[in-house]
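First up is the structure itself, then whatever we jot down about it.
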Amino acid sequence: MSKVAAIKPDKRARTLITPEGLALPLTLAARGARAGALIIDMVIIVIGLIAFQWVMQALFEGVMEGIGFESQQRVPGSAEFLVIISVLIGFAAWYGYFLVQELGPRGATLGKRLVGIRIAARGGARLTPEAVIARNLLRDIEVFYPLIALLILVGLSSQGEDVGALGIVLTGWLLLFLLFPFFNRDCLRAGDIIAGTWVVERPRTRLAAVLSTQGAATSKGASEVTGVRYDFGEAELSVYGERELQTLERLLRDSQPDALKAVHATICRKIGWDPGAGDERAFLEAFYGQLRSRLEADMRFGKRKADKFS
Amino acid sequence: MKAPVISSWFGRGQVAAPPDIESAALRSDRFRLEREGDWRRLEDILARMERGGLRRIADADLIALPALYRTAASSLSVARETSLDAATLAYLEALVQRAWFQVYGPRQGFIRWFRGFIFGGWSRAVRSLWLDICIALFVMVTGAVVGWLLVAQDEAWYYRLFPAGFGEARVPGASREQLLATLATENSADGLSAFAAQLFGNNSAVCILAFALGFAFGIPSLLLLVHNMALLGALLWLFDGQGLVVELAAWLSVHGTTELFGILLSGAAGLHIGRAMAFPGKLPVLDAAAAAGRRSAVVMVGVVIMMIVAALLEAFPRQLVDGTSGRFVIGGTMLAFWLSYFILYRPRITDAAAGADAA
């Protein structure tokens, strides 16, 4: 495994050492996934706030009508209460949405969950409330303030006002922070740096079936089609290594007939057998079972064969 | 580990019963089949924890969680040395990682953290920023003096600092009566609470900006402080011209002692991050920034609370309480309260708080 990983170094792969001393692979979230998550979150917040304001507006008008409000001078207490509620709810939604969800057991907002990522403390430390607060306070200057200011500027300039160089400055500011993750190895945004966090992929793997209990891979397994039991000798099994074994495993699990046929032909050519047709799966299952048995037996004696070249 | 237990672990009954262990041809698959029940039970507990917090989980499961986590972790390290089944290895790696996030995840929810924050965490964080607070205070005083001197030399600066609004009474050349009128109280409390809510939104946004700008080595934070205090200095100069500086100070002090203290703290928090990034000391820059950022974030939560208090003070007592001495009493009491809370309040550090601080 580790040797295979060394051949194809994934730029986003990181290792986490648990307190038990176990090295766990982590994958940093792709920048595109993070941008997508942020967009989803912003859409949710904005739509939620607009819907909320709309309800409040309806309530406000209802209150005004209900009391027969006419004068422009005094706002009644009930209407004022609604204004306070909307300001406070707006503030709480802005910060609470990210804070509460990222502090939860999933460590992810709704948008992050949808794209399958979560936040974690850098280097395997424990995620703390302080870190979550810090990374979310920074988001304001990174995205929201320049974005809102830009929108206001666009509105002003469409009314024919001269906004000068401010637009360029704000665009530069926005770009600087949006592109920040491209300028460091760990795809950190400014808030991640301040908080000591990073964003990682959330693996979701189901436990696959056991291959050595099915079909021709079992110890006495024979082909269902022909009733023949495939037996491979020492010379035939020594052709391949772990990497080929795991490719074969993937093919057997996917079980695409065309792919199985092609691999069957390749293996037969390699080990000098005459490739028949119609019984590819049983052949491959038997080959997989016996190759794995042999490689694992060697493994127990500390002998590993990474691939066919070694 | 008998069958009835296993069926209860699977809960929703989606999972097919594992095949007979003896039927597996490979030793590594037998290893897997023997332990699969524990892995699936762990997965089930994790799924429930991620979905709904701890309350919906039976005590027995919660007690079993650390043991199951270690079982899965040791299974993984054995499997890495004995098994070539890539699918099982990938599953175990994902499972152990998920379990690690739960077992070593945030130890306290927001409510519990907040309690620790009010009872000691906040004042501890403020005290740990003492140097930055001193620098920020110096900068603020300088800013006020600069504002005063600028306007005293050239009145045009006043209009540059306060772009004159229509009908604004507070302009150079205003009479004593006009200025006094701006300090007067409202007749009733109508409309003031909405005013308070807006003030709060506005002020806390300024404070968060001052904090977040600390990222650029703290310099923009300091500039923001200078700018805000220059406005204050100019205002002081204006009222001083009519001999009203004491009245203005009383009027400002009602909420100003809280609000300016909050602005001071947020500027100091920003500066703290900037300083840690510019002079990280023995730590790598990223670690230094992260440690400073976490300390400052605690202070910033406090600043938001101070802004709520300040907005309430600004809307109600300042507009309703008349008289210089009454205003000074309120402002002075608030200042004394904050100072004693931050400096004198030192509860003993509990284990949980110590853990949160160390992290």
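Nothing in this text is a laboratory measurement; each read-out follows from the coordinates by a stated rule. Just so you know, these numbers come straight off a predicted model, no measurement behind them. Glycine also receives a Cβ, built like all others from the backbone with ideal geometry; neighbour counts cover every protein chain displayed.
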Radius of gyration and Dmax for region A:26-201's Cα atoms, expressed in Å?
20.1, 64
Roughly what angle does helix A:280-300 make with the longest principal axis of chain A, taking Cα atoms, 0 to 90 degrees, to the nearest 10?
90
Enter the per residue convex hull volume of region B:110-358, computed from alpha-carbon coordinates, in Å³ rounded to the nearest integer.
136
Distance in nm between pseudo-label sites at A:Asp231 and A:Ala149 (7 Å out along the Cβ direction from Cα):
8.0
Treating only the Cβ of Lys, Arg, Asp and Glu as charged (+1, +1, -1, -1), what charge dipole size does the protein assembly as shown show about its Cα centre? Round to the nearest 20 debye.
2400
Measuring from label point to label point, each 7 Å out along Cα→Cβ, what is the B:Arg27 to B:Glu81 span in nm?
1.3
In degrees from 0 to 90, rounded to the nearest 10, what is the angle of the helix A:242-254 Cα long axis to the longest principal axis of chain A?
70
Sequence-separation-based contact order of region B:223-316, relative, with Cα cut under 8 Å and 6+ spacing, percent
33
Calculated from backbone phi, Karplus (6.51, -1.76, 1.60) coupling profile of region A:190-201 in Hz, x at Gly/Pro:
4, x, 5, 5, 5, 8, x, 10, 9, 10, 10, 6
Förster-model FRET efficiency, 22 Å R0, A:Val169 and B:Arg160, C-beta, rounded to 0.05:
0.70
If every Lys and Arg gets +1 and every Asp and Glu gets -1 at its Cβ, then about the Cα centre region B:26-183 yields a dipole, in debye to the nearest 20, of 520
With +1 on each Lys and Arg Cβ and -1 on each Asp and Glu Cβ, how big is the dipole of chain A about its Cα centre, in debye rounded to the nearest 20?
1360
222 nm [θ] for the protein assembly as shown, helices only, -39500 (n - 2.57) per DSSP H run of 4+, per residue, to 500?
-21500 deg cm²/dmol
Expected vector for region B:76-91, Karplus 3J(HN,Hα) from phi with 6.51, -1.76, 1.60 and θ = phi - 60°, integer Hz, x for Gly and Pro, equals 4, 6, 5, 4, 4, 8, 10, 10, 10, 7, 4, 5, 5, 4, 5, 4
Under 5 Å from the placed amide H of A:Leu16, counting only residues 5+ away or on other chains, we find A:Leu24, A:Leu26
Strictly greater than 36 Å: what percent of every Cα pair in the protein assembly as shown meets that?
54
Ranking of B:His272, B:His227 by count of other Cβ atoms within 10 Å, fewest first
B:His227, B:His272
Measuring from the longest principal axis of the C-alpha atoms of chain A, the long axis of helix A:31-66 (C-alpha) lies at a number of degrees, nearest 10, equal to 30
Could you derive backbone 3J(HN,Hα) for region A:204-214 from the dihedral phi with the Karplus parameters 6.51, -1.76 and 1.60 (θ = phi - 60°), listing whole Hz in sequence and x where the residue is Gly or Pro?
10, 10, 8, 6, 7, 5, 7, 7, 7, 9, 10
Between A:Phe180, B:Tyr159, A:Phe309, whose Cα lies farthest towards the positive end of the dipole of the protein assembly as shown when Lys and Arg beta carbons carry +1 and Asp and Glu beta carbons carry -1, centred on the Cα centre?
A:Phe309
Any idea how far apart B:Leu283 and A:Ala30 come out in nm if each label point goes 7 Å out from Cα toward Cβ?
3.4
